[in-house]
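Just below is one structure, and these are the notes that go with it.
The values are calculated or read from the model by the stated rules, or taken from the named source; none is laboratory data. None of these values were measured; they are calculated from a predicted model. Glycine gets a Cβ as well: all are built from the backbone with ideal geometry, and neighbour counts include every protein chain shown. SASA here: full protein model, heavy atoms, side chains in, ligands and nucleic acids out. Shrake-Rupley method; radii C 1.70, N 1.55, O 1.52, S 1.80 Å.
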Amino acid sequence: MVEHFAVRGGARLTGTVDVVGAKNSVLKLMAAALLAEGTTTLTNCPEILDVPLMADVLRSLGCTVEVDGDTVTIDVPAEPGDQADYRSVSKLRASVCVLGPLVARCRRAVVPLPGGDAIGSRPLDMHQAGLRKLGATTEIEHGRVVATAEGLHGAQIWLDFPSVGATENILMAAVLAEGTTIIDNAAREPEIVDLCLMLQQMGAKLEGVGSSTLTVHGVTGLQPTTHRVIGDRIVGATWAFAAVMTRGEVTVRGVDPHHIDLVLDKLRTAGAETSIEPDAFTVAMPGRPRAVDFVTLPYPGFATDLQPMAIALSAVADGTSMITENVFEARFRFVDEMVRLGADTRTDGHHAVVRGVDRLSSAPVWASDIRAGAGLVLAGLCADGETEVWDVDHIDRGYPRFVENLASLGADVSRVNCDPER
């Protein structure tokens, strides 16, 4: 069966929505479990397609993994395998994060080049360069990253770009290296902090958590732990954009609002009213949003994962917006589908200029990645008629119960199963 979402525009979203653990955190935490023999338990995990996919990657390495609702239990053997299964890895970009833990535990790792979203090239040069600094040898052979090390040692590592994936892999290798490692220009995302907190619970010695300089004092071994996954700031921000676009009022629970300070500031510039609590925030939009410019940058800048939502908001705002993409060069593929919905949008290099229209028009559109899919659904909420959003498996990889949550806020949206032969 082939599925799509049927989205009927015109509803004003109101109510409360709960956000669970972050996709961009839970998959890396699952990989980090490889660093310690025994049973590690993760709670507040999102029920999304990527979690069982990552579980398959860990099973291919000899782990026993149980996924029960929002709890994932990972039993790691004394000697995990060092070769990740191609069929599992090819479906999931984040699976490359097993590279660092495997080199640290097994002194060898063979990880096929990963798959995932079609948002542009994401090379592993910095991952490999960092592991080499730690004493490993790495090369690409037959579509696989092969890394070996007789022993890892501390090093001074400078990242040319604050890559989240490179920071994670180098960090997870360094915790079991001999001596001290300093990672300069490290990524600062809240998900990195979440990984650091779990590693510290396991016995890792870290300094500078949350800053651009991470200091890692290697230890001889780690212990399994139980850890609660941080709330998903990207999902929380998506609901904030949905409230503003539909001129509604939505309370989002389960996310630290300070993780999206810049998002909320941009939405206030657009005319929204916001209020925050320690683990929740409310966004209310009294009228048509005003045009706002967005520039994607590493955290604490505006997240590239929210760029489709920024374009969708700009498409119905009063005025002209410029959106600048500095992280993934292919993310503007989403613009072609927005044009199908009547958006007045032009791209030039890594800039998109969007002239807002009062209302979009429905059309069939296709999601090229997780966030593009969510952005198209939000755009459909502001379109005349019924918009069909296809390839919704992408959305299911990042947004648990997306249709159900939208419906609970008053949206007219449904999941439709179709026979592909008809």
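The table that follows gives values for the structure above.
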{"item": "Largest-first principal axis extents of the Cα set of segment 288-336 (Å)", "result": "29, 26, 13"}
{"item": "Convex hull volume per residue in cubic angstrom - Cα atoms of segment 225-326", "result": "89"}
{"item": "At 0.692 mPa s and 37 °C, Stokes D of segment 169-220 from Kirkwood alpha-carbon radius, µm² per second", "result": "309"}
{"item": "Test item: Cα-centred dipole of the chain, Lys/Arg +1 and Asp/Glu -1 on Cβ, debye", "result": "440"}
{"item": "Intensity falloff of segment 319-422 expressed as log10 I(q)/I(0), Debye formula with alpha-carbon point scatterers, at q = 0.23 Å⁻¹", "result": "-1.32"}
{"item": "Taking N as its residue count, the alpha carbon Rg of segment 96-205 over 2.2 N^0.38 Å", "result": "1.00"}
{"item": "Pairwise label distance in nanometres, Thr64 with Val339, each label 7 Å out on the Cα-Cβ vector", "result": "5.5"}
{"item": "Positive-pole candidate from Met54, Gly373, Pro298, dipole of the chain, charges at beta carbon", "result": "Pro298"}
{"item": "Accessible surface of the chain, 1.4 Å probe, proportion on carbon and sulfur as whole %", "result": "46"}
{"item": "Evaluated over segment 1-81, the Cα radius of gyration and Dmax, each in Å", "result": "16.7, 56"}
{"item": "Rounded to the nearest 10 Å², the accessible area of Trp390 at probe 1.4 Å", "result": "50"}
{"item": "Heavy-atom accessible area order for His217, His142, largest first, 1.4 Å probe", "result": "His142, His217"}
{"item": "Pairs of lysines in the chain (C-alpha under 28 Å apart; 8 or more residues apart or interchain)", "result": "7"}
